[in-house]
Amino acid sequence: MKLENITLEMSLKPFWNPERENCKKICVEMFRQWGPLCRHSDKVSVMLWIGDGSEILEYRGKPEDKFDWGRYLGCINREPTEERLKLDPKCLQLHTKGRLYREDAPDFDYAFLKELIEIIKSVGYKYLKKDILVGATFDPGPEFAKSSFKYERHPEACSASFGGGRNDVVSCSAVLKKDSFAYAAFPAGIQDGTPFGLFFGRQAKAFLDDLDFDFIWFSNGFGFGISPWNYKGALFDGEKYFPEKAIEAKNVMLEFWKLFKEECPDYPVYVRGTNMSAGIDIASDGIPLKEMYKGGYMAIPPVNSPWSALNMDFGLEFAGWMSHIAELPKESFCFRFYTHDPWWVNSPWLERYEREPSDIYLPMAGSRIRQDGKVQTASLINFLTVDNSWGEMPEQVPNEVIPHVMEAFRHAPDEAGPLVWIYPFDEYHEWIMPDNGRIDEVMFGDLFVRDVINRGLALNTVCSVGNYIENKERDQLFLKGRVLISPIPDADSIWEKYLLRHVEQGGGVLLYGPLRHTGKAIRDLLEVDFDKPLGGKMTIELNEDLKSLVENFAPKWNFEHDPVISGGGIEETGGRNVLATACKNGQKRVYATEAKWGKGRIAWLRGSVSMFCMKNPPEKIAEFRNLPKESETFYPERLFTALLDCFAWRTTFHREGERHREPLMTIHRNNNAFYFSGINHSLAVEVELASPFGAPIMAGLEQVLKKGSSFYRFPRTWHHECRIFAVQENESIVSCRENNVRLRGVNWTFRLNGLDNAELKIFPFPGKFPSVLLNPVSPYVNGEYVELEEIEENGWRFFKTTRKISGHIMIYW
């Protein structure tokens, strides 16, 4: 894959001694540490976290002017409340009160900043032999530096919130009042009624021009709604949706971007985006991502959020990222990794991640499918940040992080994974409109996928509905053999037509959500009808096959279905082959059903957003600690992963108790191999895996094979190649090791031990023909070879042994 740009994010804290020679030494050290990765990239950028963006807002065009900068720990613009002071009277905790990172932190002026940018570019070019791009940053919130603009001169700009009941975040749709301050772009001051987008765009252009910046970054959801950390907004207040406000909300947001880009047209805008997904942003705030992308306002879609590091909510991080990259504003998208935090005294690589590379391997297993049918992966990577909260740059971090990043890039997806999320990026914008009636499904859909990823669903390929249709019209066998994960398509749409054709041709489709808007074809296929919707506290009944795949630690199979965030009540009845039934007061509704059609199979789960806790603050939907215990309630989103068994993909988690949460997993393809990656919440969980090809045998591990499945006890983080699958009923412990037998013309060898009457299916490098040698003995050119048959089946190409084998074998090509 191609690595287009590496961005090293950096605060000004390392430059506490601002002498030129010292600044040069710091830059040399930065490029030296990250050079082993930067040398593989076409471009290298440095993104400066100067302050909170007020250095742009208050810029007067005078080099001698001083500005406040991010020389603090914690949030510096908030004073502690009385309640907080009772808990922490000495203000020892940073969330109580911010403070200087060192007492001798210097003052900086714009002349120093311009000189620093020149030093970064010249040192970087000398060291890396590449032109260095330097970017500025704007954060709308109260955290990083003191701001007289936000909180004294123009508090009317701060109508948004990061939570906690305070409106102290700049809204991009704000309208400014008159002032007489002499800004660089407004020397006579701001006129009353000036849109913030117009002021900020013109002021940013002056700042970026004068100081020789190359781009700007919008942080923490700026440009994406009123309250970017919140699932509530203009269209949803937590209890009710307001689709009648959708058009106005769209126009307000587009007006900001239009004004900003008219005033600042020459500089690319890179964006952090919100902590949510595209669907949540669209349903809560009416964010017009479709128009924002097509307008060319931003250089990249929002990056992956740091939820995995902050509270292990990888589901929200990954569902959010995939939803944002289903379509693109330009040609590329970015992966961002959280190495250090320059504000809140933590270095995630060393502390939150505990030096485990899960948030490298799992996100970088993600991919999107383009209009031409090819898989695309992240080609830009940002590191937040190269320095820590004290301005130090520990060499340990790049030394440990870079090898994992390079390994993930080497194994990057080059074709669709086994599961593909068909994402209605364009359609979601239509569903929130007043005459459509599906706004609640937009909120439900992404929250539900977030939940099922957190319950172990290995979903890491996304394809927009538009790209799916375009590819299917060009190639009727597009994504053959894959299981398509999709919300309910519009009735009688091309989307619906092609999903059914995929099933008919031998593929699998797994649907989620209410069926009230689906067409007659799907309703008839599933044999579903409708009755009065039910919600609230309910009981679920499972058929025996499904029940055997899901553990329940509660005394009963009770669950809660909240119609507000779960796409309405459960109203489906009937069902061809009913797998799950929801019950309340003697009334029953079908909750999951499946059917065969043509050569394939379709399954459907109604779904409930039960891992979403309304007790949590709106900006913290990812907190698990307030959720009811599994000893008290059943979480039905766990059924979704179990339904993969309908398509011969099995991912079952054998847990010893409710404290042992399911691991997070991805399965992606590279060079005809399958790569299994994941992270364990608990090492006590045993993972059972099976596939249409048999039980996966991963390189470098031992696995128990029995009854067609392989059983693993994974470490905390794993990333393993799999090219061999076994169909074996007998129980045995099988090991798989890479080996070098020093045979001319052979460049890949595996040794397997412990097979017991197994049929093997082998996925070699493309264009290679494997050999299978029984009981191998040096020089490995004599002995008993097993005959192989080349198979092309349902879109997959592999080799199969023509007889069952046992014991010790060698596979090479």
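The values are calculated or read from the model by the stated rules, or taken from the named source; none is laboratory data. What you see is a predicted model, and the numbers here were worked out from it, not measured in a lab. Counting neighbours? That spans all protein chains shown, and the Cβs are built from the backbone with ideal geometry, glycine included. In case anyone asks, the SASA skips ligands and DNA or RNA and just uses the protein heavy atoms, side chains included. Shrake-Rupley method; radii C 1.70, N 1.55, O 1.52, S 1.80 Å.
Assuming R0 = 56 Å, what is the FRET efficiency of E541 and W16, from their Cβ-Cβ distance, to the nearest 0.05?
0.30
For a quick check: with amide H placed at 1.01 Å from N, whose amide H comes under 5 Å from L755's, ignoring anything fewer than 5 positions away on the same chain?
Close amide H contacts, sequence-distant or interchain: G807.
Quick one: compute the contact order of segment 259-365, relative version, from alpha carbon pairs under 8 angstrom and 6+ residues apart, as a percent.
Computed over segment 259-365, the figure is 25 percent.
Calculate, for R32 and W748, the FRET efficiency according to 1/(1 + (r/R0)^6) with r their C-beta to C-beta distance and R0 35 Å; round to the nearest 0.05.
Numbers: r = 35 Å, r/R0 = 1.01.
Step by step, r from the Cβ atoms, then E = 0.50.
Express in nm, to one decimal, how much length is gained between F769 and K62 on full extension, taking 0.36 nm for each residue of separation and deducting their alpha carbon distance.
Gain in length upon complete extension: 247.6 nm.
Counting just the Cα atoms, what span does segment 11-136 cover along each of its three principal axes? Round to the nearest Å and put the largest first.
56, 36, 24
Relative contact order, percent, of segment 687-801 when contacts are C-alpha pairs under 8 Å separated by at least 6 residues?
On the way: 229 pairs, mean separation 23.3, N = 115.
Once divided by the residue count of segment 687-801, the mean separation gives 20 percent.
When DSSP assigns beta bridges and you keep just the ones with both residues in the chain, what percent turn out antiparallel, to the nearest 5? Walk me through the numbers on the way to the answer.
Values: 99 of 144 bridges.
Of all bridge pairs located within the chain, approximately 70 percent are antiparallel.
Which of rounded, prolate, oblate describes segment 142-243, given a ≥ b ≥ c as roots of the alpha-carbon gyration tensor eigenvalues and a/c under 1.5 marking rounded, otherwise prolate only if a/b is larger than b/c?
Details: a/c = 2.04, a/b = 1.71, b/c = 1.19.
Judged from the Cα gyration tensor, segment 142-243 comes out prolate (a/c at least 1.5, a/b above b/c).
Dividing the Cα radius of gyration by the Kirkwood radius, what Rg/Rh value follows for segment 269-410? Each step should come with its number before you reach the end.
Numbers: Rg = 15.6 Å, Rh = 15.9 Å.
Using Cα coordinates only, the ratio equals 0.98.
Evaluate E = 1/(1 + (r/R0)^6) for D42 and I247, where r is the Cβ-Cβ distance and R0 equals 35 Å; express this FRET efficiency to the nearest 0.05. Please report the intermediate quantities before stating the final value.
Working: r = 41 Å, r/R0 = 1.18.
For D42 and I247, the calculated efficiency is 0.25.
Please state the shape class of segment 418-528: rounded when a/c is under 1.5, otherwise prolate if a/b exceeds b/c and oblate if not, all from the C-alpha gyration tensor.
Verdict is rounded for segment 418-528.
Can you give the extra length, in nm with one decimal, that the chain gains between N757 and E395 once fully stretched, where that is 0.36 nm per residue apart less the Cα-Cα distance?
Roughly 125.2 nm would be gained on extension.
So between R474 and D109, what do we pick up on full extension, going 0.36 nm a residue minus the alpha carbon distance?
Net length gain for the segment: 125.6 nm.
With every protein chain kept in place and ligands, DNA and RNA left out, what is the accessible area per residue of the chain? Probe 1.4 Å, answer in Å².
Spelled out: the 1.4 Å probe surface of the chain, per residue, equals 36 Å².
From Cα pairs below 8 angstrom and at least 6 apart in sequence, can you work out the relative contact order of the chain, rounded to a whole percent?
Value for the chain: 9 percent.
In deg cm²/dmol, rounded to 500, what helix-only [θ] at 222 nm does the chain give when every DSSP H run of at least 4 residues adds -39500 (n - 2.57) and the total is split over its residues?
-7000 deg cm²/dmol
At A521 and E632, where each label point lies 7 Å from the Cα along Cα→Cβ, what is the point-to-point distance in nanometres?
So the label points at A521 and E632 sit 4.6 nm apart.
Please work out how much accessible surface M406 shows to a 1.4 Å probe, ignoring ligands, DNA and RNA, in Å² rounded to 10.
40
Could you tell me what percent of the accessible area of segment 221-368 is made up of carbon and sulfur, with a 1.4 Å probe and every protein chain present?
Solvent-exposed carbon and sulfur of segment 221-368 make up 47 percent of the total.
Would any residue of segment 565-596 have its amide N under 17 Å from a label point 7 Å out along Cα→Cβ of N558? List them or say none.
582-587
Taking a 1.4 Å probe, which of Y241, Y127 shows the most accessible area, and what order do the others take after it? List each step's numbers first, then the result.
Working: Y241 35, Y127 100 Å².
The most accessible residue leads, giving Y127, Y241.
Does segment 210-303 come out rounded, prolate or oblate, given a ≥ b ≥ c as the square roots of the eigenvalues of its C-alpha gyration tensor, rounded meaning a/c under 1.5 and, failing that, prolate meaning a/b above b/c?
Since a/c reaches 1.5 and a/b is larger than b/c, the shape of segment 210-303 is classed as prolate.
Along Cα→Cβ, 7 Å out, is where each label goes; now give me the distance between the ones at D212 and S180 in nm to one decimal.
Each label point is offset 7 Å from its Cα along the Cβ direction, giving 3.7 nm.
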